[in-house]
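Have a look at the structure below before the remarks.
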Ligand code: GDP
Ligand code: MG
């Protein structure tokens, strides 16, 4: 598995300080193979590896964490982001958008056997039970014998209404009839379960387009079987651009130990994965939670949460250290660097000034020294090129030392001067904030 493979590589990472390029690249070679083995599509793997490599090289390894553990966390975060990101603690990032005049139409598309009909009933049941929606389902599958009856049976099991079957009617006519019936009977949501084929073909696409154009669906969900790996990617590619997809339902996640299809699907369609099917029963569906699937792909959840805890405690220590220094009227270049890093994380200069009235002066000082968000990174590089002694005592930086720092950070002496000027201005501003009794607010900023 991925975790076995990576465990060895990550254990071989040594040393302290920033992650080194050679180590990162060696680890990424293994990640790459592991992702390919998990059936993630090649272009997706490439994109992923590039992104993680860039994020990892030069990252400071946290105290109390090994370099390998730090890389695991970086890989995990990139997986979560690529799977759709996180909306709060473990919450699903993607929800159905049902904000429209009822009946709101949800159209289900996909190949035969992918799990469209089952997923239609599962989602209908969920909308009814968790959101109190009045839902009607209609099967437009006239190709497969008994397909419409299958939906009627599931409807009965789920306690969800289905459109009465009229033999011989074509998909577009059924869609129109369903819309009229749903309007007449004041349904909130109408779910259209469409026909599939064994392979994507023109007739299928034409039918999907015609149905979409008469029913104006608010959601078009592509249902794909997560066990079909590379095939699922091809299917997603064929549907994308032909019908206005709004999301993906990944079925058979109960049988997919690797979760690789999820990663590909999101990247290929550009649409969020909204649900994961986890079994045959009508309750076996879950909102798609990127962190959970990332954990499944990587299999290193324990390490990830350990690094998160370490990061939180370092942040706390840093905040305490800074508060103490400020109370003593000290603010050195290490503190400035820590602040720059925090600022970058929090969304840059504009955000800071908005959040903290007391920081207005500091922001003005930064702007007057020609500073913008891009410069934050350069300043960080400059301070990193100084010795710990210089950082603690900026007065040491004479012309010769400044030249060395400029060369080390790939900048000019005037840039080094800007950093020093900014440090002076900020020290002044800090003292003022202290006088104004704003230390508490500042503590919140670093906490
Ligand atoms: P359709 O042809 O796309 O409408 O596919 P169906 O909904 O008829 O599903 C085909 C088969 O897959 C049925 O036997 C379902 O019970 C099964 N199935 C659907 N979703 C899941 C899932 O998430 N997990 C498992 N294990 N089976 C599923
Ligand atoms: Mg079906």
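The values are calculated or read from the model by the stated rules, or taken from the named source; none is laboratory data. Because the structure is a prediction, the values reported are computed rather than measured. All Cβ positions, glycine included, derive from the backbone under ideal geometry; neighbour counts span all protein chains shown.
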- So which of 263, 227 ends up being surrounded by fewer than 22 Cβ atoms within 10 Å (Cβ to Cβ), at negative phi and in the same structural domain as residue 112 (by TED's automatic domain parsing)? 227
- Query: Which of the following residues is in the same structural domain as residue 281 (by TED's automatic domain parsing), within 15 Å of ligand 1 (Cβ to nearest atom) and touching a helix residue (DSSP H, G or I) at 6+ places or on another chain (Cβ under 6 Å): 139, 119?
  - Reply: 139
- Which strands (runs of 3 or more DSSP E) sit wholly inside the stretch 239-319 and have at least 3 residues that are touching a helix residue (DSSP H, G or I) at 6+ places or on another chain (Cβ under 6 Å) and touching a residue at least 12 places away in the same chain (Cβ under 8 Å)? 247-251
- Query: Mind checking which pairs have a first residue in the stretch 139-150 that is on the phi < 0 side of the Ramachandran plot and modelled with pLDDT under 90 and a second that is near ligand 1 (Cβ under 9 Å from one of its atoms) and assigned to a loop (DSSP other than H, G, I, E, B), Cβ under 9 Å, 6 or more apart or different chains?
  - Reply: 143/112; 143/195; 143/196; 144/112; 144/195; 144/196
- Which numbered condition trips up residue 173, out of (1) in contact (Cβ under 8 Å) with a residue 40 or more places away in the chain; (2) more than 16 Å from ligand 2 (Cβ to nearest atom); (3) surrounded by 12 or more Cβ atoms within 10 Å (Cβ to Cβ)? (1)
- Query: Could you list, in sequence order, the residues of the stretch 182-204 that are surrounded by 17 or more Cβ atoms within 10 Å (Cβ to Cβ) and away from ligand 1 (no atom under 14 Å from the Cβ)?
  - Reply: 182, 187, 188, 189, 190
- Message: Name the residue that is nearest to ligand 2 (Cβ to nearest atom), counting only residues in the stretch 195-231 that are farther than 22 Å from residue 266 by Cα and in a loop (DSSP other than H, G, I, E, B).
- Response: 195
- Consider residue 146 against the criteria (1) exposed (fewer than 14 other Cβ atoms within 10 Å of the Cβ); (2) away from ligand 2 (no atom under 11 Å from the Cβ): it satisfies all of them except one. Which criterion is unmet? (2)
- Message: What's the total number of residues in the stretch 256-311 that are under 27 Å from residue 154 (Cα atoms) and modelled with pLDDT under 80?
- Response: 1
- Item | Top-ranked residue of the stretch 122-136 - restricted to ones that are over 14 Å from residue 221 (Cα atoms) and in contact (Cβ under 8 Å) with a residue 40 or more places away in the chain, ranked as farthest from ligand 1 (Cβ to nearest atom) | 134
- Filter result for residue 121 (within 12 Å of ligand 2 (Cβ to nearest atom) and at pLDDT 95 or above): yes
